[in-house]
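K.L.:
I'd like to ask you about the structure that follows.
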Amino acid sequence: MGVSQPTADTRWRCTLCGNLTRFDVTRTTKAVEYVHLDLAGEPTIEERDVVSETIESVRCRWCNAADQIELVDRPGASA
């Protein structure tokens, strides 16, 4: 079960330890990239268009909890 992405009005919070700032996020991304190779063959991604993205898991960096992450309102967010 995936975790929702924070919005302009919400953010993640660990319900176990209260962490609001440090998370390990595992996500699956499908993207189309324009890759430019220089004459030596070194690639540079010049354009990237994300077609879809799914957050698979969010783990608290402080207490290592993976099933305790929730979305909460940001301070000053409009109701």
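K.L.:
Look at segment 31-79 and say how many of its residues are within 14 Å of the chain's Cα centre (by Cα) and assigned to a strand (DSSP E or B).
P.N.:
Result for segment 31-79: 13.
K.L.:
When Val35 is evaluated against the numbered criteria (1) in contact with a strand residue (DSSP E or B) (Cβ under 6 Å, 6 or more places away or on another chain); (2) under 30 Å from Gly76 (Cβ atoms), which criterion, by number, is the only one it fails?
P.N.:
(2)
K.L.:
Considering every residue within segment 7-17, establish whether at least one is surrounded by 10 or more Cβ atoms within 10 Å (Cβ to Cβ), touching a residue at least 24 places away in the same chain (Cβ under 8 Å) and aliphatic (A, V, I, L, M).
P.N.:
yes
K.L.:
Check whether at least one residue in segment 20-28 is within 16 Å of Arg74 (Cβ to Cβ) and open to solvent by less than 60 Å² (accessible area, probe 1.4 Å), and report yes or no.
P.N.:
Looking through segment 20-28, at least one residue is within 16 Å of Arg74 (Cβ to Cβ) and open to solvent by less than 60 Å² (accessible area, probe 1.4 Å).
K.L.:
Please go through segment 29-51 and pick out each residue that is under 18 Å from Gln5 (Cβ atoms), open to solvent by less than 80 Å² (accessible area, probe 1.4 Å) and either in contact with a Lys or Arg (Cβ under 6 Å, 6 or more places away or on another chain) or among the hydroxyl-bearing types (Ser, Thr, Tyr) (or both).
P.N.:
Selection gives Thr29, Ala31.
K.L.:
Right, something else. Cβ contacts < 7 Å: first residue within 14 Å of Ala66 (Cβ to Cβ), restricted to segment 22-40; second residue outside any strand (DSSP E or B) and open to solvent by 90 Å² or more (accessible area, probe 1.4 Å), any location; separation 6+ or different chain. Result?
P.N.:
These pairs meet every condition: Arg22/Arg61; Arg22/Trp62; Phe23/Arg61; Asp24/Arg61.
The values are calculated or read from the model by the stated rules, or taken from the named source; none is laboratory data. All values derive from a computational prediction rather than experimental measurement. We place every Cβ from the backbone using ideal geometry, glycine too, and count neighbours over all the protein chains shown. The accessibility values were calculated without ligands, DNA or RNA, using every heavy atom of the protein model including side chains. Shrake-Rupley method; radii C 1.70, N 1.55, O 1.52, S 1.80 Å.
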